[in-house]
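A quick write-up on the structure given underneath.
The values are calculated or read from the model by the stated rules, or taken from the named source; none is laboratory data. Small disclaimer: the values here were computed from a predicted structure and weren't measured. Glycine gets a Cβ as well: all are built from the backbone with ideal geometry, and neighbour counts include every protein chain shown. These accessible areas exclude ligands, DNA and RNA; they are computed on the full protein's heavy atoms, side chains included. Shrake-Rupley method; radii C 1.70, N 1.55, O 1.52, S 1.80 Å.
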Amino acid sequence: YGGSVSDVPEDATAYAHRSAVLNFQIYGYSFNDGHNAWVGQSGIDFINGLTSALDPNPSAAYPNYIDPTLTAAQWQSLYFGGHMDRLKQLKAAWDPNNVFRFPQSIPLPETKGTC
């Protein structure tokens, strides 16, 4: 981070966090071989504790480090900042049938019904 990444204007691409100085990735994994149980909620609580120790109120998150515990409002804001409306318009233009989707993919813009 910093350097050439921050030379590109933040509104030039979908990546909204070009001025970030640091980026932390905290990753938890539990190998389930059929004998050992998944780490479960205690593991998630541990990871959340590490994150809170670094920054209790993060203002951004890297979009390729998917966090399934975030709400839609949280991940949209943290991953994409102020770019979400523009990204929804691009999604509507290039993927109007929402073929490329997953739980935290860019959603299609909401359509306003007519009465």
Exercise for the section: State which residue is surrounded by the most Cβ atoms within 10 Å (Cβ to Cβ) when the search covers only region 88-115 and only residues that are closer than 23 Å to GLU10 by Cα and among the small types (Gly, Ala, Ser). Expected result: ALA92
Handout entry: Of all residues in region 4-20 being open to solvent by less than 40 Å² (accessible area, probe 1.4 Å) and among the aliphatic types (A, V, I, L, M), the one that is farthest from LYS88 (Cα to Cα)
Key = ALA20
Problem - Selected residue (criterion: nearest to SER105 (Cα to Cα)) from residues of region 21-58 that are open to solvent by 100 Å² or more (accessible area, probe 1.4 Å) and modelled with pLDDT of 85 or more - result: ASN57
Practice task
Please tell me if ASP85 is loosely packed, with under 13 Cβ neighbours inside 10 Å and either within 10 Å of the chain's Cα centre (by Cα) or at negative phi (or both).
Solution key: yes
Practice task
Determine which member of the set ALA73, ALA60, ALA92 is of a type in the set (A, V, I, L, M) and assigned to a loop (DSSP other than H, G, I, E, B).
Solution key: ALA60
